[in-house]
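So the structure is just underneath, and the comments pick up after that.
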Amino acid sequence: MSYDQIEIPEAGTKITADEDGTLQVPDDPIVPILHGDGIGKDVGPAAQGVLDAAAAATGRSINWMRVYAGESARERYDENLPQETVDAIRDYRVAIKGPLTTPVGAGFRSLNVALRKKLDLYANMRPTYHLDGVPSPVKTPEKMDMVNFRENTEDVYAGIEWEAGTDEVETVREFVEEEMGFDATIHDGPVGIGVKPISEFGTKRLVRQAIEYALENDRDSVTLVHKGNIMKFTEGAFRDWGYELAAEEFPETTITEDELWEEYDGEKPEDVVVVKDRIADNMLQQLLTRTDQYDVLAMPNLNGDYLSDAAGAQIGGLGIAPGGNFGDGRCLAEPVHGSAPKYAGQDKVNPTAMILSGRIMLEYLGWDDAADLVRDAVEQTISSKQVTYDLHRQIEGGTKLATSEFADAVVENIEKLS
Ligand code: NAP
């Protein structure tokens, strides 16, 4: 395949998948990278350098292929999300991106959401673990070691909404009140209406990924986080389908919390994952009060958004929190943070979230040695108090580094550690 604006690197080999979906990863893969808008210009190149160093230290190389969306695409293609960017990420299977700006209220819809939808990257995974030396607003941040799986294609991300004052919203109001016989209050006057779908298919494939991850990574539990006490047929169904999936597909390797107590007196057998559920508001407080009792969380989209940001705050905030989006045989890693336009191009912000998103990508490639090296080098850099502005303001006696200087320090530590 050739592209109009995307240059395929001369060196490097494409990642492919076998018929059963198993990835064939060469030691010199071609990997699409989208630097992104705003601070993407700073953190994108910084992460690239760190990932290059980790690959080199483990006898491999990454052949980067720049792809474009948002501002960089408007300059080249006069559109926000060129088809060839979507095609390249789909075709090359494993990619990494920086943040993309979304206008609030009006303007185009989120390009991040569009990318995840077009590529059917249905699970957003956010590991939340504490790195030694990172300042935290809680007393025992090291208790946090969770992996959040957030559904990425439906619930509020399906974006079914009608604007107040339009004919469409009046049609929906009439339909709901008259045809569906809905007799609770919709106040008179302008009203916006939204509908959220949560399907059996969407729920089960998300929960399947969460349970598989828990089993492969020796995790103790998967918690289904829902608001099923109020939204019985969407959030409540998410819980029910989650348990159903566990019983149908993992009968030997999962048990429920009730079974844990009734049959095992609270002592979890080895090689088994406990599937439990919590109501979302309770879960938000348990994040703080019973942090170490939670492990892998599986959530519909909106709960996952709130929960993973709150969990991220406990381990140092947006400058630190990494993420990845997964479909079947595809991964697009990206930090949790946005494009923070006020800092764009200042070589100032923390590239850790983008670097650790790269770590998720390396794990997906099966390069666990390189992934561990990245984590250890970042931790060593931060614990020696060499930090960017965001952590510097919270650490006494630290050295304030620019984005690029921090990345250089991480590279130096990779070289020392390997
Ligand atoms: P944001 O860009 O994440 O920035 C909010 C604040 O978080 C910043 O002002 C800064 O706080 C801190 N921060 C974020 N990234 C940081 C980093 N790497 N290092 C240090 N501090 C960091 O959130 P926003 O202002 O709400 O959103 C801006 C744009 O990004 C919007 O258009 C939004 O739609 C978009 N967005 C995109 C994604 C994505 O691409 N996946 C995700 C979220 C938001 P201080 O100023 O207090 O230091």
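Brief remarks on what is shown
- Count of residues meeting criterion [open to solvent by less than 10 Å² (accessible area, probe 1.4 Å) and touching a Phe, Trp or Tyr at 6+ places or on another chain (Cβ under 6 Å)] in region 126-163: 2
- Pairs, first in contact (Cβ under 8 Å) with a residue 12 or more places away in the chain and closer than 25 Å to Asp28 by Cβ in region 65-90, second among the small types (Gly, Ala, Ser) and part of a strand (DSSP E or B), C-beta under 7 Å, six or more apart: Ile89/Ala95
- The single condition among (1) within 17 Å of the chain's Cα centre (by Cα); (2) modelled with pLDDT of 95 or more; (3) more than 16 Å from the ligand (Cβ to nearest atom) that Asn325 does not satisfy is (3).
- Residues in region 309-329 that are open to solvent by 10 Å² or more (accessible area, probe 1.4 Å), under 19 Å from Pro99 (Cα atoms) and not aliphatic (A, V, I, L, M): Asp309, Gly316, Gly317, Gly319, Phe326.
- Per-region count, region 14-33, residues open to solvent by less than 60 Å² (accessible area, probe 1.4 Å) and closer than 25 Å to Ala69 by Cβ: 9
- Against the list (1) more than 29 Å from Val25 (Cα to Cα); (2) touching a residue at least 24 places away in the same chain (Cβ under 8 Å), the condition Arg290 fails is (2).
- Test: residue in region 277-286 that is part of a loop (DSSP other than H, G, I, E, B), surrounded by fewer than 20 Cβ atoms within 10 Å (Cβ to Cβ) and not aromatic (Phe, Trp, Tyr): no
- The one condition in (1) buried (at least 17 other Cβ atoms within 10 Å of the Cβ); (2) on the phi < 0 side of the Ramachandran plot; (3) at pLDDT below 95; (4) under 20 Å from the mean Cα position of the chain (by Cα) that Leu206 fails to fulfil: (3)
- Complete set of residues in region 344-353 that are touching an Asp or Glu at 6+ places or on another chain (Cβ under 8 Å), within 7 Å of the ligand (Cβ to nearest atom) and either farther than 22 Å from Asp369 by Cβ or outside any loop (DSSP other than H, G, I, E, B) (or both): Val349, Asn350
- Subset of region 340-357 (residues that are closer than 22 Å to Val31 by Cα and either open to solvent by 40 Å² or more (accessible area, probe 1.4 Å) or in contact with a Ser or Thr (Cβ under 9 Å, 6 or more places away or on another chain) (or both)): Pro351, Thr352
The values are calculated or read from the model by the stated rules, or taken from the named source; none is laboratory data. All values derive from a computational prediction rather than experimental measurement. Every residue, glycine among them, receives a Cβ derived from its backbone with ideal geometry; neighbour counts consider all protein chains shown. Protein only, heavy atoms only, side chains kept; ligands, DNA and RNA dropped before computing areas. Shrake-Rupley method; radii C 1.70, N 1.55, O 1.52, S 1.80 Å.
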